[in-house]
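Trainee: First the structure, then my questions, so here it is.
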Amino acid sequence: TSPLVLALTCDGPWVYAGLNGGGVWRSPDYGATWSPARAGLDQLSTFHLLTSGGNVFAATWDGVFLSADHGDAWTAAGLQTHGVTALRAFGGALYAGTFDGQVWRSPDNGATWSPLGASFAPDAVNDIQRVGTLLYAAVYGRGVYRMPEGSSSWTPVNGGLPELYVQSLAESGGVLLV
């Protein structure tokens, strides 16, 4: 297994780690002990993990996968023809960014997905973040883009960025952190 952890998420005492080529590992006791949680995951590179509504979601080269049992079993949850590089949950919906440059939204835990705005192809969407009613996408080599709720177009917001290779985004107190 690869020692490179690409993703971490927690749900109470449960901690989940996504490894580069090593699949998902889980700990039921805040990281004191670990075991593999890969049943149903054919692709072992896991780029993002998130917990939402008691479920665990994994973003992989083979799409989004869902586990409702702490990683005992994984089932496909959409975008299986896309390498999913980013995964977030906001306001009861899932958002995914793909290697082929598209941001997607699912209102139903991955049963259906709709693209948001134009694709950034050939550049990957590395991360997604929401601040208020604004959705942000970190796009490989292009910086950060913003889309207001209800809109269908992305606008670059790169003023002051020293580098356009943005890997991750965060929100704190209503402020986007790059």
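The values are calculated or read from the model by the stated rules, or taken from the named source; none is laboratory data. Keep in mind the model is a prediction, meaning the values are calculated, not measured. Using ideal geometry, Cβ is built from the backbone for each residue, glycine included, and neighbour counts are taken over all protein chains shown. Heads up: the accessible areas ignore ligands, DNA and RNA and are worked out on the full protein's heavy atoms, side chains in. Shrake-Rupley method; radii C 1.70, N 1.55, O 1.52, S 1.80 Å.
Trainee: List the pairs whose first member sits in segment 114-139 and is under 16 Å from GLY83 (Cα atoms) and among the hydrophobic types (A, V, I, L, M, F, W, C), whose second member is open to solvent by 40 Å² or more (accessible area, probe 1.4 Å) and in a strand (DSSP E or B), and whose Cβ atoms are under 6 Å apart, counting only residues at least 6 apart or on separate chains?
Mentor: As it stands, the answer is ILE128/ARG88, since those pairs meet every condition given.
Trainee: Can you name the residue in segment 52-71 that is within 15 Å of ALA17 (Cα to Cα) and of a type in the set (Ser, Thr, Tyr) and, of all such residues, is surrounded by the fewest Cβ atoms within 10 Å (Cβ to Cβ)?
Mentor: Among those residues, the one meeting the criterion is SER67.
Trainee: Given the criteria open to solvent by less than 60 Å² (accessible area, probe 1.4 Å), on the phi < 0 side of the Ramachandran plot and modelled with pLDDT under 95, does THR46 qualify?
Mentor: Considered against the rule, which asks whether it is open to solvent by less than 60 Å² (accessible area, probe 1.4 Å), on the phi < 0 side of the Ramachandran plot and modelled with pLDDT under 95, THR46 comes out as yes.
Table: residues versus (1) farther than 21 Å from ASP42 by Cβ; (2) outside any strand (DSSP E or B).
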site: VAL64; (1), (2): no, no
site: ASP72; (1), (2): no, yes
site: HIS82; (1), (2): no, yes
site: ARG88; (1), (2): yes, no
site: ASP100; (1), (2): no, yes
site: ARG105; (1), (2): yes, no
site: ASP108; (1), (2): yes, yes
site: ASP123; (1), (2): yes, yes
site: GLN129; (1), (2): yes, no
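Trainee: For segment 13-32, name all the residues that are within 14 Å of GLY71 (Cβ to Cβ) and of a type in the set (S, T, N, Q).
Mentor: SER27, the sole residue that qualifies.
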